[in-house]
Amino acid sequence: MIEAKNTELRALMDVLPIAIVILSGDDRSVRWINNHAELWLQKSRLYFVGKPISELSEFPEKLLALTGRVIETSGAVIAEDVPVHRWDDPEALCHVTAFPAGDDVALILRQHRRANMTGNSDQDIDAVESLGRMLAHELKNPLAGIKGAAQLLSTEITSDEGRELISLITTETDRIHRLADRMEAFGTIAVEAMGPVNIHTVLRQARLLAQSMNGNIIFEEDYDPSLPDVIGDQDALMQISLNLIKNAVEAIAHHKTGNQITLQTSYRAGVSRQETGRLQALPVEIKFIDNGPGIPPHIRRQLFQPFVTDKPAGRGLGLTLVSKLVHAHGGMIETKSKPGRTVFSILLPTYQYEDM
Ligand SMILES: Nc1ncnc2c1ncn2[C@@H]1O[C@H](COP(=O)(O)OP(=O)(O)OP(=O)(O)O)[C@@H](O)[C@H]1O
Ligand SMILES: [Mg+2]
């Protein structure tokens, strides 16, 4: 019975995109490692099983002390700066969460953040990127079919509204195809085509798309028409807007507490970001406001981390991508949330036209 449970548990641990190592409670030798740990440590499970803890680290004192504490207290212990012999970095310092697993001790290993990253650890990024590639590959298959079907339909539809929707399907499938191409190549969405973008064009298109999927939500648009163009990648800005609107729609629809989403733009002087030695002003503010239930408190601290979600079918990747894309624009993202009002603000630099 216990064996069966163990097998099930290990099968589950094998599909998780985090490195897990099980150490024997008796002599601290390695009992088992999961698939991701194999990748991460670049040695097979077969190699590790039965090996002493010194295989994991040349300086195993911290690991030993940590496992000792877990056994003593029968509770979870977290430690920072634990040296672990990672294949590409023999002196990698890890964040380790250790907890009791029957008579053994389970370790979750995470690499410390790289400086200047957007808050995701290397492992998280590896996991997101391989997921990205897989997803892109799968996405491209049905896209051609959708576009073909829309083109067939367009010959039969005569109303203006119908034609507008068909053209929406076509431009959106083209956009997803471009995104999928990029994701397949880079594992993530690279921000490539930086140029002047009228943010209102992007927001209007995103609103139209969201509205066509959710008739019950009232969208308000409150734009400052004098706003200058931002410097950005139109597809990536669309991706950001759609993800934030989708989250707002889902929060509202799921909890049935609100019914309104406001898209707002304004000029906000005074916010800058340090960019390789110089200050970059970020005066264009885009707000996505909803009157839904607010961000659940247990999600707030890790909002932008991958796989953080409170939705049964959620992947927890939307905001990870949003934060990555905003940072790739040299921009910033801010969040404020309470029941009845959630605001995601994006701050972006303006496009500097050459003097005529
Ligand atoms: N406007 C919002 N109102 C309330 N909660 C929100 C809002 N936006 C995000 N959240 C919370 O943040 C979590 C993470 O959002 P994120 O977009 O990263 O993932 P997701 O929406 O769950 O899944 P997906 O990968 O499909 O986007 C959500 O599950 C939700 O709990
Ligand atoms: Mg989302």
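The values are calculated or read from the model by the stated rules, or taken from the named source; none is laboratory data. The shown structure was predicted, so the numbers you read here are calculated from the model rather than taken from an experiment. Here Cβ is always computed from backbone atoms with ideal geometry, including for glycine, and neighbour counts include all displayed protein chains. Ligands, DNA and RNA are excluded from the accessible area calculation, which covers all protein heavy atoms including side chains. Shrake-Rupley method; radii C 1.70, N 1.55, O 1.52, S 1.80 Å.
Quick look at the values:
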quantity: Single condition Glu275 does not satisfy, out of (1) under 22 Å from the mean Cα position of the chain (by Cα); (2) at pLDDT below 95; (3) within 28 Å of Ala193 (Cα to Cα); calculated: (1)
quantity: Hey, Arg301 over 14 Å from Phe344 (Cβ atoms), in contact with a Gly (Cβ under 7 Å, 6 or more places away or on another chain) and of a type outside the set (Val, Ile, Thr) or not; calculated: no
quantity: Selection count, region 148-162, where residues are over 34 Å from the mean Cα position of the chain (by Cα), assigned to a helix (DSSP H, G or I) and surrounded by fewer than 13 Cβ atoms within 10 Å (Cβ to Cβ); calculated: 3
quantity: Test for Pro228: is it more than 9 Å from ligand 1 (Cβ to nearest atom), touching a Pro at 6+ places or on another chain (Cβ under 9 Å), at pLDDT 90 or above and outside any helix (DSSP H, G or I); calculated: yes
quantity: Wholly within region 239-356, strands (runs of 3 or more DSSP E) carrying at least 1 residues that are hydroxyl-bearing (Ser, Thr, Tyr) and within 16 Å of ligand 2 (Cβ to nearest atom); calculated: 332-338, 341-348
quantity: Test: residue in region 103-114 that is modelled with pLDDT under 75 and closer than 16 Å to Ile20 by Cβ; calculated: yes
quantity: Options Arg204, Arg178: the member that is open to solvent by 20 Å² or more (accessible area, probe 1.4 Å), modelled with pLDDT of 90 or more and in a helix (DSSP H, G or I); calculated: Arg204
quantity: Qualifying residue in region 292-310 (condition: within 9 Å of ligand 1 (Cβ to nearest atom), without any contact (Cβ under 8 Å) to a residue 60 or more places away in the chain and closer than 21 Å to Val202 by Cβ); calculated: no
quantity: Residues (more than 6 Å from ligand 1 (Cβ to nearest atom) and out of contact with any Leu (no Cβ under 6 Å at 6 or more places or on another chain)) located in region 330-345; calculated: Gly330, Ile333, Glu334, Thr335, Lys336, Ser337, Lys338, Pro339, Gly340, Arg341, Val343, Ser345
quantity: Conditions (1) under 16 Å from Pro100 (Cα atoms); (2) touching a residue at least 40 places away in the same chain (Cβ under 8 Å); (3) touching a strand residue (DSSP E or B) at 6+ places or on another chain (Cβ under 7 Å): number failed by Asp26; calculated: (3)
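To keep it simple, each residue is scored yes or no on (1) closer than 23 Å to Leu16 by Cβ; (2) buried (at least 19 other Cβ atoms within 10 Å of the Cβ); (3) out of contact with any Gly (no Cβ under 8 Å at 6 or more places or on another chain); (4) aliphatic (A, V, I, L, M).
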position	(1), (2), (3), (4)
Pro296	yes, no, yes, no
Phe307	yes, no, no, no
Thr320	yes, yes, yes, no
Lys324	yes, yes, yes, no
Ile333	no, yes, yes, yes
Lys338	no, no, no, no
Val343	no, no, yes, yes
Leu348	no, yes, no, yes
Tyr351	no, no, no, no
